[in-house]
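Novice: My questions all concern the structure below.
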Amino acid sequence: MTAPAVAVPRVKVRTGRSAELGLIVGAVLVVVVAEAVADATLNGSLDHHALSYGGVLGLVAVVAHLVIRKVAPFADPVLLPTVVLLNGLGLVMIHRIDLGLEQQAAEEGYTFEGASASTQVLWTLIGLTLFVAVLIAIRDHRHIARYAYTLALVGLVLLILPSLLPARISEVNGARLWIRFAGFSIQPGEFAKVFLIAFAAAFLVTKRDVLSLAGRRFVGIEFPRGRDFGPLLVAWLVCIGVLVRSRDLGTSLMFFGLFLVLLYVATERVSWIVVGVLLFAGGAYLAYQFFEHFRTRVTVWLHPFDYTSTIGYQVTQSLFGLGTGGMFGTGLGGGRPETVPVAKSDFIISAFGEELGLFGLVAILMLYGLFVARGFAAAMLVRDSFGKLLAAGLSFSIGLQVFVVVGGVSRLLPETGLTTPFLSYGGSSLVANYAVLALLLRISDAARRPAQTQAQPPVATEEPHTREQPAVR
């Protein structure tokens, strides 16, 4: 006789998708209200932009939400709404600066033809397309590690390519970072960032034991062996090469900082940080001695008010704007952020500081802090080492970029020319960061997915957890 089959109940597990949808609706409403306020202040009436921009952003968010619900149901429910809000606020400020430049052109008697808000909407739709493609194509983030060296090759080619092209195609404001064709321009370094982070995570997973265990003790700190310095030295040399060929301080600083942090996360050895800081200091000294553009950046950083009408004009105008905003700002449409050169991209943080004040700017920085924190949470919860390093690297890249940008705008650091993720005008940055968002959601889905301990798989639902299956947060 055989024992009767025992039916195992299917455990209902909370996914957070309804909470995600509610947060998306709230984010879109905030963007619509912000656009309406800016239009009313500048034009004295409401126009179609509030509904059109809000409608496009809502469409993007809902499509992304439905794709997540289908292919990554356990993904973090906070990441997408945070990005939607940042993307929408950036769109509002870009349009607001367009209106300011248009009024300024009318006062001075020339025609303004450089409106960027509609182009940013197009880039948002392209970013959504890449987001969906990445989320559908990559069903398991661990498969990325199989192509580590291919990713490294593609990333290096994208990083170096602009410096090898003629200056008329690649140079903008003295930095050779772009590829311009048919009226469009892309910045390959933004995509190279994603490829190189994935390569570094895969490489360090295989080498972490050697890099973390073997070493020699000096002054109470166990330093790695000389033969193990290779990866760090290669990263340092690549960054110095980018600085020399492309005249791009921001990208070189970003890549070196990212690789250094990934080394520390993989090995948990403070000695790597010490060695990295010493290499960075040596590289900065050599760059100051030999490269004129680097000396110019440092001079403006130290003495901006000595050059208010020449090389220091951009930084001083940014500082004046932040000072004008004070604690509570002038209100959307009430300031003059358009007086800062390239306010829509490099200095959009200054524009928000002027019109939203310190409180509004801190709120925006808290959104970035929330994004980075949720990314680190996924890194801590995911079970595989590659996923941990990849999520940590991607999250830290956003945090480091925001720190460098805000530091340059506020004169805490030399100005680097980096854009603010999701907020600034620029297609390459926006599209690449949507790919970062997709990868983080994929990793968080793996991290939050319940272990298959029951005979039957759990059912994804919005109901509260039962006692047998604790919540994954």
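The values are calculated or read from the model by the stated rules, or taken from the named source; none is laboratory data. This is a predicted model, so every value here is computed, not measured. Every residue, glycine as well, gets a Cβ built from its backbone with ideal geometry; the counts of neighbours run over all protein chains shown.
Okay, residues lined up against (1) closer than 17 Å to Phe259 by Cβ; (2) touching a Pro at 6+ places or on another chain (Cβ under 6 Å); (3) surrounded by 24 or more Cβ atoms within 10 Å (Cβ to Cβ); (4) charged (D, E, K, R):
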| position | (1), (2), (3), (4) |
| --- | --- |
| Phe403 | yes, no, no, no |
| Gly408 | no, no, yes, no |
| Arg411 | no, no, no, yes |
| Arg448 | no, no, yes, yes |
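Novice: Also, I was wondering about something else. Pick out, from the range 256-341, the helices (runs of 4 or more DSSP H) lying fully within it that include 1 or more residues that are touching a Ser or Thr at 6+ places or on another chain (Cβ under 6 Å) and surrounded by 18 or more Cβ atoms within 10 Å (Cβ to Cβ).
Specialist: Where helices (runs of 4 or more DSSP H) fall fully within the range 256-341 and carry at least 1 residues being touching a Ser or Thr at 6+ places or on another chain (Cβ under 6 Å) and surrounded by 18 or more Cβ atoms within 10 Å (Cβ to Cβ), they are 313-325.
Novice: Give Leu135, Leu91, Leu128, Leu101 a once-over and let me know the one that is surrounded by 17 or more Cβ atoms within 10 Å (Cβ to Cβ), farther than 30 Å from Asp39 by Cα and not β-branched (Val, Ile, Thr).
Specialist: Leu135
Novice: Now for a separate question. Can you tell me which residue within the range 138-174, out of those that are in contact (Cβ under 8 Å) with a residue 40 or more places away in the chain and in contact with a strand residue (DSSP E or B) (Cβ under 7 Å, 6 or more places away or on another chain), is surrounded by the fewest Cβ atoms within 10 Å (Cβ to Cβ)?
Specialist: Step by step, filter the range 138-174, then rank; the result is Ser163.
Novice: So Phe195 passes all but one of these: (1) surrounded by fewer than 18 Cβ atoms within 10 Å (Cβ to Cβ); (2) at pLDDT 90 or above; (3) of a type in the set (A, V, I, L, M, F, W, C). Which condition number does it fail?
Specialist: For Phe195, the exception is condition (1).
Novice: Residue check, Gly215 against (1) out of contact with any Asp or Glu (no Cβ under 7 Å at 6 or more places or on another chain); (2) modelled with pLDDT under 70, all met but one. Which one?
Specialist: (1)
Novice: If I ask for residues that are surrounded by 15 or more Cβ atoms within 10 Å (Cβ to Cβ) and of a type in the set (S, T, N, Q), which ones from the range 104-117 would you list?
Specialist: Ser116
Novice: Conditions: (1) under 25 Å from the mean Cα position of the chain (by Cα); (2) touching a residue at least 12 places away in the same chain (Cβ under 8 Å); (3) assigned to a helix (DSSP H, G or I); (4) surrounded by fewer than 20 Cβ atoms within 10 Å (Cβ to Cβ). Met366 meets all but one. Number of the miss?
Specialist: Tallying (1) under 25 Å from the mean Cα position of the chain (by Cα); (2) touching a residue at least 12 places away in the same chain (Cβ under 8 Å); (3) assigned to a helix (DSSP H, G or I); (4) surrounded by fewer than 20 Cβ atoms within 10 Å (Cβ to Cβ), Met366 fails exactly one: (2).
Novice: Given the structure, is Thr150 within 30 Å of Arg247 (Cβ to Cβ), among the hydroxyl-bearing types (Ser, Thr, Tyr) and modelled with pLDDT of 90 or more?
Specialist: For Thr150, the condition - within 30 Å of Arg247 (Cβ to Cβ), among the hydroxyl-bearing types (Ser, Thr, Tyr) and modelled with pLDDT of 90 or more - is met.
Novice: Moving to a separate point now. Working only within the range 422-473, note down all residues that are charged (D, E, K, R), assigned to a loop (DSSP other than H, G, I, E, B) and modelled with pLDDT of 85 or more.
Specialist: Once the filter is applied, which keeps residues that are charged (D, E, K, R), assigned to a loop (DSSP other than H, G, I, E, B) and modelled with pLDDT of 85 or more, the range 422-473 yields only Arg449.
Novice: List pairs: first in the range 323-338 and closer than 14 Å to Thr41 by Cβ and in contact (Cβ under 8 Å) with a residue 24 or more places away in the chain, second part of a loop (DSSP other than H, G, I, E, B) and of a type outside the set (Phe, Trp, Tyr), Cβ under 7 Å, 6+ apart or cross-chain?
Specialist: Pro337/Ala343
Novice: Only one residue in Phe112, Phe74 is farther than 30 Å from Gly16 by Cβ and among the aromatic types (Phe, Trp, Tyr). Which one?
Specialist: Phe112
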